[in-house]
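See structure below.
The values are calculated or read from the model by the stated rules, or taken from the named source; none is laboratory data. Keep in mind the model is a prediction, meaning the values are calculated, not measured. All Cβ positions, glycine included, derive from the backbone under ideal geometry; neighbour counts span all protein chains shown. Remember, those area values only see protein heavy atoms, side chains included, never the ligands or the DNA or RNA. Shrake-Rupley method; radii C 1.70, N 1.55, O 1.52, S 1.80 Å.
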Amino acid sequence: MTNTASPSTGKVTGIIANLAIIKVDGPVAQNEVCYIQHKDTPLMAEVIKIRAGHAYAQVFESTRGLKVGTPVAFQSHLLEATLGPGILSRNYDGLMHDLGTMDGIFLKRGDYTAALDKERLWQFTPLAEPGAQVQTGDWLGEVRENAVPHRIMVPFKLEGSYTLKSIVAAGEYKVEDTVAVLTSEAGREIKVTMSQEWPVKQAVRAYVEKPRPSKLLETGVRTIDTLNPIVEGGTGFIPGPFGSGKTVLQQAISRQADADVVIVAACGERANEVVELFKEFPELEDPWHPGRKLMERTVIIANTSNMPVAAREASVYTAMTIAEYYRSMGLKVLLLADSTSRWAQALREMSNRMEELPGPDAFPMDLSAIISNFYSRAGIVNLRNGHSGSITFIGTVSPAGGNLKEPVTESTRKAARCFYALSQQRADSKRYPAIDPIDSYSKYLEYPELQQYLAEAIAPDWVDKVGRLKNILLRGKEAADQINILGDDGVTVDYHLTFWKSEVVDAVILQQDAFDEIDSRTPLARQKYMADTVLDICELQFQFDSFEGVNPFFKRVINQMKQMNYSEFESEQFRSFEAGLKEILAERKTD
Amino acid sequence: METQAFQRVYTKIEQLTKATCTLRAQDVGNEELALVHGRLAQVVKIMGDEVTLQVFSGTEGIPTNAEVVFYGKPPVLNVSDDLAGRFFDAFGRPIDGGPEVQGEEREIGGPSVNPVRREQPSEIITTGIAGIDLNNTLVTGQKIPFFADPDQPYNQVMAMVALRAEADKIILGGMGLTNDDYLFYKQVFENAGAMHRIVSFVNTTENPPVERLLVPDMALTAAEYFAIDKNEKVLVLLTDMTLYADALSIVSNRMDQIPSKDSMPGSLYSDLAKLYEKAVQFEAGGSITIIAVTTLSSGDITHAVPDNTGYITEGQLFLRRDTEIGKVIVDPFRSLSRLKQLVIGKKTRTDHPQVMNAAIRLYADAANARTKLENGFDLTDYDERTLEFAKAYSNNLLAIDVNIDTTEMLNTAWNLFAKNFSKAEVGIKQEFVDQYWVNA
Ligand SMILES: Nc1ncnc2c1ncn2[C@@H]1O[C@H](COP(=O)(O)OP(=O)(O)OP(=O)(O)O)[C@@H](O)[C@H]1O
Ligand SMILES: [Mg+2]
């Protein structure tokens, strides 16, 4: 946007809830940020519509007490995130103000804390030589942020090509110190510090290309990794009625996934759930980097449901921008948003307030476009320097009334490639995680790139095995339907066997206790082992005279295998349950 | 709130709708309170010098030359220890014949607690009711509603829970309470000798419905005073939140907003969340726990009010009449306490989580058996045993008249397991089976 010499000012002329109407005395841009000076408190707001010399701004705060005539100062920039070392481990609000440095118990209006610690010294190591030709996103230097190599880059806002004129020697610097000077083709000099700003609603494009994803992203959740895997740079969504386990599942993924940086956007959900992360992550061990705490690789963006609604929309964009920043450093980023429905609802509230023509269920007409645009910012990218980085994005969706035929779910289905549908029925019968194995899918499983990767990383016939597991589940469901219609003795024993074999897959692979230290995270090798064990059992022929013996027999099989799931992999205990399993199987096995 | 000298008085209303009036006025703040023709009203919209006010009791009979007096401040409550033992209306005015409360004036509906200043809830609230303590354990700082049909005894259960919960203060926010229910609460609290721990804000069916909108904020402002200033454990009872939501929809319809599902305003989620999220555990020990009631219409939980509530609260408790045993039980299927895992097996015996899950799983098997029976199929031996188990489980544990401690609940469950099932059928982690299995 244009940088006018002195930004415009204005005066409030109308207030409806958190929408302020402002008479502007100069140029103003769509989505420009402004501050409404309410007594001695600045209230941050974003312009969302301009009509007849008036700017309509959504205020990121309560407008209680606000009066017409209040002066407004426009900022000549859009809603931006401040990017630099020191983001990791921090807890931000939706606008990237540091929650940790705010005063008092309550969130005070206008208490806008800085995103980065400006006093802290960072050990900087240059990565580029003077004279080098550089472009946006190129790495100039590096600092260690916790254990993550944090690259200092040519600012994203710079377009075109530059010559690196000078770069500081290795040493300690603050984020706002100049560490490099660039010269543009026109001969203009630009000072580069370790921090930069980027407008959150625009995608960072500092990369060469976005290839198709091909590598599995291990989450340790069996029903995902084994049956419907997500990939590095992939997208997925988890719709489910309230209480079906969206948050528990996402939090398990945030703890266990194989990522360098994890960004959790708590978007319009419960404060207590965020507190859980605040309290637990500094204590919990990062499973991928022994000796380090989870918090060291995590950033939390909290706009809980009681925080200002307008900032809810901003929060997901802030989170995505931070993800893009770390991706540009060649890192593997996992972004989780719970719940994207709250963000859509925030859009709906604003659009209704502005009396726009509503689309289905009173959501804005362009909801679908907004959602796909957001999902499209995820992905794996190849950087100019040959490195690659990725953002894997998984969002939850909270469908009204638990009905998947509603605008947010339907729009998201078009945008995301993995669909993890949580079923009320499974949740009710405590079959957690409640991902419906038959309705859910991962489109990536059809990618030849991923198939090849799985064949090399797990086993040559792995994809085939996954198909067999799914088939067993499907046939088990059909058998169950038949048994329900015709009665236990109205079908042959084979139906019962088919059903119970699917129950073995369900109990041993699908069901997983997120609160058990061992069961909650299953590494790939162990997933393979259990999948093989289950498939072997499903291949067996069993001898039963009547259906009555089938249920108790398989209950014992399942119980034995659950005990295996609860034991340390390949431990003595594990082996002894396995031996017990073999004995039980031998009772009924025929060749 | 008396008229004071500096207050501005206007006498020319330009527009009147059922719920609002509009006039020209200067220097008015958003959400400011005013008195219109002697009725309380609040600023909901300002356009230039045109100010729109929502009149809580409706505009019937208000003339265009009515007197409009602006207070220059949003709704407030005077807080002090003198609140204890008192009954107030939705505006915080005494209805018990007592004097006005002296104390610090606080705006109601104030800001949210910074999430990083919250403490993780970890203190168990015991009620003696196994349907709650065993299956849906409550924790201080939690927010949870009863989802109940209008004819279920939710007010009785809630009063019982409140009195057993060992709270320092119980704050009742009654919205659209019938006079009988209001008197019921008053009597139960009096009989229990608990009056000094109770503060009540009541809007009965005799009061204008829109006034209800202030009740939860009044109750929660009082709660914050005791929880923060006094570090007390505060329990807030909100009944009935469906009637609160109805008032929201009345207002938004009268203001011509586009309704979303079930003619509720599009902001219903945020409106409800703002209240429920006041539930909090503080580091200094004070806490606010919210137990609410959301009445359902013919059991429909997909209706916008229970649906949005479910997405906000930390679980929900369903009451159901079990015809088999003829008692009201806490339904183990749809009921859920999200925060239970913070305490079960930690503040209670370590086998608690597994016992709880196993019992519910077996109870689910019984439900399947019952379906089979209804469809005219033969039952297996296992089916028969699950039915046997379910009946005893319902009677000895789920019924709301059970009053035992958690360890006894667990022992009762182990007894029922051993009586009806084999170890493998129960499917609990071996170490617990070794320790607690009841050998006949
Ligand atoms: N994998 C699991 N293992 C054990 N319990 C689980 C699991 N997943 C969910 N639960 C249980 O279900 C409850 C609800 O889960 P969760 O909070 O994740 O639901 P949700 O879908 O996020 O609901 P909402 O939409 O209301 O936020 C949890 O508190 C827990 O008791
Ligand atoms: Mg959730």
Between the helical axis of A:310-327 and the dominant principal axis of chain A, each derived from Cα atoms, what acute angle in degrees is found, rounded to the nearest 10?
80
Threshold 30 Å² - residues in region B:95-144 whose accessible area is reduced by that much or more when the chain is no longer isolated, probe 1.4 Å
B:P111, B:S112, B:N114, B:P115, B:V116, B:R117, B:R118, B:Q120
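To the nearest hundred square angstrom, how large is the accessible surface buried between A and B, total for both chains, probe 1.4 angstrom?
The summed interface area works out to 6200 Å².
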Please determine, in degrees from 0 to 90 and to the nearest 10, the orientation of helix A:246-256 with respect to the longest principal axis defined by the Cα atoms of chain A, where the helix direction is its Cα long axis.
90
If I compute solvent accessible area with a 1.4 Å probe over the protein chains, what percent of it on chain A is carbon and sulfur?
49
Taking K and R as +1 and D and E as -1, what net charge do the other residues with C-beta under 10 Å from the C-beta of A:R270 add up to?
-4
Apply the Kirkwood formula to region A:397-529: the hydrodynamic radius equals the inverse of the mean of 1/r over all pairs of different alpha-carbon atoms; give it in Å with one decimal.
17.0
Counting only DSSP beta bridges with both residues in chain A, what percent are antiparallel, rounded to the nearest 5?
75
Take every Cα-Cα distance within the protein assembly as shown, group them into 20 Å bins from 0 onward, and report for each bin the whole-number percent of pairs it holds.
12, 41, 34, 12, 1
Number of partner chain Cβ atoms within 10 Å, mean per residue of B:41-49:
4
What is the packing order of peptides A:395-405, A:177-187, taking the mean over residues of other C-beta atoms within 10 Å and listing the highest first?
A:395-405, A:177-187
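Do any GluC sites (Glu not before Pro) in region B:231-313 lie in a DSSP loop with no more than 15 other beta carbon atoms within 10 Å, and if so, which? Numbers along the way, then the final one.
Working: sites: B:E232, B:E277, B:E283; in loops: B:E232, B:E277, B:E283.
Hits after loop and neighbour filter: B:E283.
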Calculate the radius of gyration of the Cα atoms of chain A to one decimal place, then report Dmax, the largest Cα-Cα distance, as a whole number, both in Å.
27.1, 90
Please work out the C-alpha center-to-center distance from region B:178-214 to region B:341-369 and express it in whole Å.
36
In whole percent, what relative contact order does chain B give with Cα contacts below 8 Å and a gap of six or more residues?
16
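Can you tell me the mean projection area, over all orientations, of the convex hull of region A:222-433's alpha carbons? Units nm², please. Mind dumping the intermediate values first?
Numbers: hull surface 49.4 nm².
So the mean shadow area of the Cα hull is 12.3 nm².
Please report the carbon-and-sulfur percent of the accessible area for region B:9-70; probe 1.4 Å, protein heavy atoms only, DNA, RNA and ligands left out.
Values: 1120 of 2560 Å².
C and S atoms contribute 44 percent here.
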Residues in region B:291-319 that, when all protein chains are in place, have 20 Å² or more less accessible area than the chain alone would give (probe 1.4 Å)
B:T302, B:D307, B:Y311, B:E314
Over region B:34-131, what is the relative contact order in percent, taking alpha-carbon pairs closer than 8 angstrom and at least six residues apart?
21
Amide H contacts under 5 Å for A:I152, restricted to residues at least 5 apart in sequence or on another chain and with H modeled in the peptide plane, are A:L140, A:G141, A:E142, A:V143
What percent antiparallel are the DSSP beta bridges of the protein assembly as shown, to the nearest 5?
70
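Taking every residue in B:335-341, how many Cβ atoms of other protein chains lie within 10 Å of its Cβ, on average? Can you show the working numbers first?
Numbers: counts 1, 5, 0, 7, 4, 0, 4.
Partner-chain Cβ atoms within 10 Å, mean over residues of B:335-341: 3.
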In degrees rounded to 10, the 0-90 angle between helix A:340-353 Cα long axis and the longest Cα principal axis of chain A is 40
Using only the alpha-carbon atoms, what does region A:462-544 span along each of its principal axes? Please give whole angstrom values in decreasing order.
42, 27, 22
What does the charge count around A:R377 come to, taking other residues whose C-beta lies under 13 Å from its C-beta (Lys +1, Arg +1, Asp -1, Glu -1)?
+3
What spacing in nm lies between the two simple spin-label points modelled at A:E185 and A:H54, each 7 Å away from Cα in the Cβ direction?
4.6
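Using a 10 Å cut-off around each Cβ of peptide A:97-104, what is the average number of partner chain Cβ atoms that fall inside?
Working: counts 0, 1, 4, 3, 1, 3, 2, 4.
If you average over the peptide's residues, the count of other-chain Cβ atoms is 2.
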If you roll a 1.4 Å probe over region B:245-321 with all protein chains in place, what percent of the accessible area is carbon or sulfur?
48
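Among the listed pairs A:K246/B:K278; B:K73/B:K169; A:K501/A:K562, give every one whose C-alpha distance is greater than 26 Å. List each step's numbers first, then the result.
Values: A:K246/B:K278 23 Å; B:K73/B:K169 28 Å; A:K501/A:K562 15 Å.
Violating the 26 Å limit, Cα to Cα: B:K73/B:K169.
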Take the alpha carbon atoms of region A:452-466, find their center, do the same for region B:28-79, and report the distance between the two centers in whole angstrom.
69
With a bin width of 10 angstrom, please list the P(r) values of region B:44-123 as percents of all Cα-Cα pairs, from the 0 bin to the one holding the largest distance.
12, 30, 31, 21, 6, 1
Sorted by chain and number, the residues with a modelled amide H under 5 Å from that of B:T313, at a separation of 5 or more or across chains, are none
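Per residue, how large is the accessible surface of chain B? Use a 1.4 angstrom probe and give square angstrom. It would help to have the intermediate numbers written out before the result.
On the way: 16140 Å² over 440 residues.
It amounts to 37 Å² per residue over chain B.
Could you give the accessible area per residue of chain A, probe 1.4 Å, as a whole number in Å²? Please report the intermediate quantities before stating the final value.
Details: 22130 Å² over 591 residues.
Normalised by residue count, the accessible surface of chain A is 37 Å².
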Normalised by the number of residues in region A:122-194, what is the relative contact order in percent for Cα pairs under 8 Å and 6+ residues apart?
31
At a cut-off of 50 Å², which residues of region B:393-440 become less accessible once all protein chains are present than in their chain alone, using a 1.4 Å probe?
B:A424, B:K429
HN-Hα couplings for region A:515-530 via Karplus (6.51, -1.76, 1.60; θ = phi - 60°), in whole Hz with x for Gly/Pro, come out as 9, 9, 4, 8, 5, 4, 10, 10, x, 3, 4, 6, 4, 5, 4, 5
Between region A:1-71 and region B:407-440, how many Å separate their Cα centres?
65
Calculate the radius of gyration of the Cα atoms of region B:227-278 to one decimal place, then report Dmax, the largest Cα-Cα distance, as a whole number, both in Å.
14.3, 43
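Tally the DSSP beta bridges in chain B and give the antiparallel ones as a percent, rounded to 5. If you can, show how the numbers build up before the last one.
On the way: 41 of 70 bridges.
Bridges in chain B are about 60 percent antiparallel.
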